[in-house]
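A.B. asks: Can you keep this structure in mind? I'll have questions shortly.
Each value in this text was obtained by applying a stated rule to the coordinates, not by laboratory testing. Treat the numbers as computed from the prediction; the structure is a model and nothing was measured. Quick reminder, even Gly has a Cβ in these numbers, built from the backbone with ideal geometry, and neighbours come from all protein chains shown.
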Amino acid sequence: QVQLVESGGGLVQAGESLRLSCAAAGSIFRLNTMGWYRQAPGKQRELVAVFTRGSNTNYADSVKGRFTISRDKTKNTVYLQMNSLKPEDTAVYYCKVLVGPVDYWGQGTQVTVSS
């Protein structure tokens, strides 16, 4: 089993920044990908940023240039630095990791950006 603990969400004004963290613990013997997704009210969950199997990064077009994904492999932790936040970034943000063939999701952390 893998446990994911997310932190760093909150309420900010447009233009401000937040940093999300996701720490993975448990049976992590083959951690393939780590990334962030989000789901706004009434919308489908969407990819925000991810480290792929080859350690490349992919970003949603809507966050390119504003968000940066990073990780600390020694701590099995992935971060999402979010700058120049916009009201349309308001959503619940979820961490997801792929361990072997299995996806694990975090509980989600709310990010609210006021105009």
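A.B. asks: Run the dipole for the chain about the Cα centre, Lys and Arg Cβ at +1, Asp and Glu Cβ at -1, nothing else charged, and hand back the magnitude in debye, nearest 20. Numbers along the way, then the final one.
C.D. replies: Numbers: 13 positive and 8 negative charges, 57 e Å.
The calculated dipole for the chain is roughly 280 debye.
A.B. asks: Which number gives the lysine pairs in the range 20-115 that have C-alpha atoms under 19 Å apart and are eight or more places apart or on different chains? All intermediate terms of the calculation are to be shown ahead of the outcome.
C.D. replies: On the way: K43/K86; K43/K96; K64/K86; K73/K96; K75/K96.
Close lysine pairs found across the range 20-115: 5.
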